[in-house]
Amino acid sequence: MTETGLARDDAIPLYHQLFLTLRDEILSGKRPHGSVLPTEHQLAEMFSVSRITARRALDELAQHEFVERRRRTGTRVIYQSAMKPIEANLEQTVEALLAFGRDTRVRVLSVGEVEADAGAAEALRLAPGAPVVRAVRLRTLDGEPLGQIVSHIPATVARGRIDRAALQSQPILSMIRDLGHQIVGGWQAVSALSADPVLAATLDIEPRAAILQVERVVTGEGDAPLLHTVASYRADRYRISLDLRGSTLGFA
């Protein structure tokens, strides 16, 4: 297995593994509509594969209408999600998340202050490289892995008080509240993806098995982002249930 998540000894051909990796990045929004993918040469270097393998992966993306390939302009993402936002009750959502945190066990894999990468910086409306606290946790249920959660919190929000001991014993939203921040709003997106070999090993599932990825941003007063979380849950052990009422559906 390579650091990029491609398994050399996997029964799935490398070009299809690369296709699945790029497809999931498109579906999850990491590569949004209109963005340009790396060239065949760049992909070959990034994933340590041949240009033929990179070309077959890009061709497969084009065949499934995720991208459009043009000789001079490169490979551009044309996929657009047809989903529309569904409004939810914020207070009920936060309380459900806190209860979920109390009902499952968590193991902190890493935590520390780092420079925000492009994804975290965009979600938190920070300059790339701005200081954030990055926490990676493994949540378990009944002794088995349930999901891996990667969270980023602006250093100005964390105030140096979010550490391994605190994360081990308290839900992260509860910690943010205790630091004096009021949770006012946010957004959440759910994507059905496949686990790369690295994530699959962490969650104890087969490579490329189905996962549910939940990306969430929590905002405070003035719509300022307080927390960005990307959680990858085992699809065989986790589901999302919405209690739909008249106001939520726009009937009221």
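Any read-out appearing in this document is the output of simple, stated calculations on the displayed coordinates, not a laboratory observation. Being a predicted model, the structure only gives us computed values, none of them experimental. Cβ atoms come from the backbone with ideal geometry, glycine included; neighbour counts cover every protein chain shown.
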Interchain or sequence-distant (5+) residues whose placed amide H lies within less than 5 Å of the amide H of residue 140 are 105, 106, 107, 146
If you average the sequence gap of Cα pairs under 8 Å that are 6 or more apart and divide by the length of the stretch 14-77, what percent do you get for the contact order?
-> 41
Three-way shape call for the stretch 100-220 based on the alpha-carbon gyration tensor, with the a/c threshold at 1.5 = prolate
Relative packing of 108-114, 144-150, which averages over residues the other C-beta atoms within 10 Å, highest first | 144-150, 108-114
Total formal charge among the other residues, if their Cβ is under 9 angstrom from that of residue 150, Lys/Arg +1 and Asp/Glu -1 | +2
Under a Cβ-Cβ cut-off of 10 Å, what is the net charge of the residues other than residue 119 that fall near it, where Lys and Arg count +1 and Asp and Glu count -1?
-> -2
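Between beta-carbons, use under 15 Å as the cut-off and find the net charge around residue 27, counting Lys and Arg +1, Asp and Glu -1.
Cβ neighbours under 15 Å give a net charge of -2.
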